[in-house]
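First up is the structure itself, then whatever we jot down about it.
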Amino acid sequence: MTTEPDQTPIPARDGIPDGFVRHSRSSPLTAPWEPLYAKTTAEAVMLGLQIREAHTNSRGLAHGGLITALADNAMGYSCGLKLGGGARLLTSSLAIDFIGPAKIGQWLQIEPEVIKVGAKLCVAQCFVTADGTRCARANGTFSVVKAKE
């Protein structure tokens, strides 16, 4: 039995910024990273988490695979938001640049921007911050697959 996470906005506390709620779309990949948080605006779905040891590489920094997967998710969710639902998205291209460290205890936040929405492709970019300092940037192209009726 699965239960939906509480969608009540969480006041800023314990390093979690205002407006973030428990993320409601878990997957087998992201389940070990819980708790994940999301903040949805009219333009994007931001994701965030408090970096813990389970999120790190052997040097104690947030693992690049974690950052890449969350950037991919946030950009895909944001494209889906702009498409208004009813379509599935598949990542067709993804690139990321790591520009600084993200450490245990910091708030990792993915801030996407949808660049173009089309009938077949959606393009997005994002910045990833650790306690407000940019640590990565990414861009992705997503194939739009219409949902079966």
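Values computed for the structure shown
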{"item": "Search result, residues across region 56-71 that are in contact (Cβ under 8 Å) with a residue 12 or more places away in the chain and either over 14 Å from the mean Cα position of the chain (by Cα) or farther than 23 Å from Gly100 by Cα (or both)", "result": "Thr56, Gly60, Leu61, Ala62"}
{"item": "Identity of the residue in region 93-118, of a type in the set (D, E, K, R) and in contact with a Phe, Trp or Tyr (Cβ under 9 Å, 6 or more places away or on another chain), that ends up most open to solvent (accessible area, probe 1.4 Å)", "result": "Glu113"}
{"item": "Test: Gly140 is open to solvent by less than 40 Å² (accessible area, probe 1.4 Å), closer than 27 Å to Pro35 by Cα and small (Gly, Ala, Ser)", "result": "yes"}
{"item": "Residues of region 53-92 satisfying the condition of being open to solvent by less than 30 Å² (accessible area, probe 1.4 Å) and on the phi > 0 side of the Ramachandran plot", "result": "Gly60"}
{"item": "Any pair with Cβ under 6 angstrom, 6 or more apart, that starts in region 35-55 at a residue that is under 16 Å from Ala130 (Cβ atoms) and among the β-branched types (Val, Ile, Thr) and ends at one that is open to solvent by 10 Å² or more (accessible area, probe 1.4 Å) and not in a strand (DSSP E or B)", "result": "Ile51/Ile104; Ile51/Gln106"}
{"item": "Selection count where residues are over 13 Å from Gly118 (Cα atoms) and either in a helix (DSSP H, G or I) or touching a residue at least 60 places away in the same chain (Cβ under 8 Å) (or both), scope region 82-94", "result": "1"}
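The values are calculated or read from the model by the stated rules, or taken from the named source; none is laboratory data. No experiment lies behind these values; they were computed from the predicted model shown. Counting neighbours? That spans all protein chains shown, and the Cβs are built from the backbone with ideal geometry, glycine included. Surface accessibility is based on the protein's heavy atoms, side chains included, excluding ligands, DNA and RNA. Shrake-Rupley method; radii C 1.70, N 1.55, O 1.52, S 1.80 Å.
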